[in-house]
Amino acid sequence: FSNYKILTELDLNSFSTVNVIIMDYMFADSLYFEHLDLSSFNTENLRTMNYMFKGCTYLLSVKLNSFDTSNVDLMEGVFEHCTEIKELDLSNFSATHAINVSKMFAYCTNLRKVNPRYVIDATGMFFRCEKLMEIYAYDFIMPRLLFGRTGFFFGCVSLPSFSPDHTGIEMVKSVEEGGYFTIPSDL
């Protein structure tokens with residue numbers, strides 16, 4: 001469906017994904033999708049989803065609540081340049097095996113809330129997310145972030161207490177500890 005330019009909606013309910021291991025660029029640069037319902041996808045065998053929605057500039061929402069990402073290794077740039085998306089519920093995402101989620105939300109300029117879990121390489125993960133106000137984090141995400149070079153929070157000017165001098169991995173801590181992450185109240 002990469003570069004798909006025919007319809008604004010697509011019914012994927014009968015689309016079988018049980019044996020799919022690679023979804024890299026699956027919807028990349030498909031400019032006309034506003035809403036995608038992928039709740040019927042069986043992704044238990046999925047291993048890579050690099051740039052899956054990259055460049056879906058009109059995408060407003062995507063239902064991923066049934067995604068099993070526990071075996072996914074690579075999630076680089078999954079939502080990169082999804083400029084209209086405002087909220088992403090990734091609470092069912094488990095990236096326990098993921099080794100790369102760099103640029104996952106880069107240039108999501110209207111993204112306001114996101115709740116990522118388990119990360120290792122997060123270089124530029126939130127690069128230029130200018131309207132991002134909340135990053136919900138769970139206690140176990142903090143120690144898993146092994147590296148993220150300069151630019152991790154570059155341009156995230158709407159984060160609480162944002163400082164252009166503090167955009168690196170050192171800010172991966174709770175707001176209470178002087179960082180940019182919000183601890184969910186349901187914990």
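May I ask you to say which residue of Y58, Y4, Y25 is open to solvent by 60 Å² or more (accessible area, probe 1.4 Å), hydroxyl-bearing (S, T, Y), farther than 20 Å from V114 by Cβ and part of a loop (DSSP other than H, G, I, E, B)? Full working, then the answer.
Values: Y58 fails: farther than 20 Å from V114 by Cβ; Y4 fails: open to solvent by 60 Å² or more (accessible area, probe 1.4 Å).
Within the list Y58, Y4, Y25, the selection yields Y25.
What's the number of the only condition in (1) at pLDDT below 90; (2) over 20 Å from M52 (Cβ atoms); (3) assigned to a loop (DSSP other than H, G, I, E, B) that E130 fails to meet?
(1)
Mind checking which residues of region 61-74 are more than 21 Å from L10 (Cβ to Cβ) and open to solvent by less than 50 Å² (accessible area, probe 1.4 Å)? Let's see the steps before the verdict.
At the first step, the residues of region 61-74 found to be more than 21 Å from L10 (Cβ to Cβ) are 68-74.
Within region 61-74, T69, S70, V72 meet the criteria.
Being at pLDDT 90 or above and of a type in the set (G, A, S) is the filter here, so list the residues in region 62-99 that pass it.
Hit for region 62-99 is G77, nothing else.
How many residues are closer than 19 Å to I21 by Cα and assigned to a loop (DSSP other than H, G, I, E, B) if we restrict to region 72-91?
Within region 72-91, the subset closer than 19 Å to I21 by Cα is 72-79.
Applying the additional criterion that residues be assigned to a loop (DSSP other than H, G, I, E, B) yields 72-73, 75-79.
Looking only at that region, the number is 7.
Filter region 28-55 down to residues that are under 18 Å from I85 (Cβ atoms) and either surrounded by fewer than 17 Cβ atoms within 10 Å (Cβ to Cβ) or among the charged types (D, E, K, R) (or both), then give me how many there are.
Residues that pass the stated criteria total 8.
Residues are listed down the side, and each one gets a yes or a no for (1) hydrophobic (A, V, I, L, M, F, W, C); (2) open to solvent by 40 Å² or more (accessible area, probe 1.4 Å); (3) within 22 Å of I183 (Cα to Cα); (4) in contact with a strand residue (DSSP E or B) (Cβ under 6 Å, 6 or more places away or on another chain):
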position: T83; (1), (2), (3), (4): no, no, no, no
position: N100; (1), (2), (3), (4): no, no, no, yes
position: L111; (1), (2), (3), (4): yes, no, yes, no
position: F127; (1), (2), (3), (4): yes, yes, yes, no
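Go over the candidates L90, L60 one by one and state the one that is in contact with a Pro (Cβ under 7 Å, 6 or more places away or on another chain) and either closer than 18 Å to S2 by Cα or of a type outside the set (D, E) (or both).
L90
The values are calculated or read from the model by the stated rules, or taken from the named source; none is laboratory data. Here the structure is a predicted model, which is why all the values come from computation and not from measurement. Glycine also receives a Cβ, built like all others from the backbone with ideal geometry; neighbour counts cover every protein chain displayed. Just the protein is used for accessible areas: all its heavy atoms, side chains included, with ligands, DNA and RNA removed. Shrake-Rupley method; radii C 1.70, N 1.55, O 1.52, S 1.80 Å.
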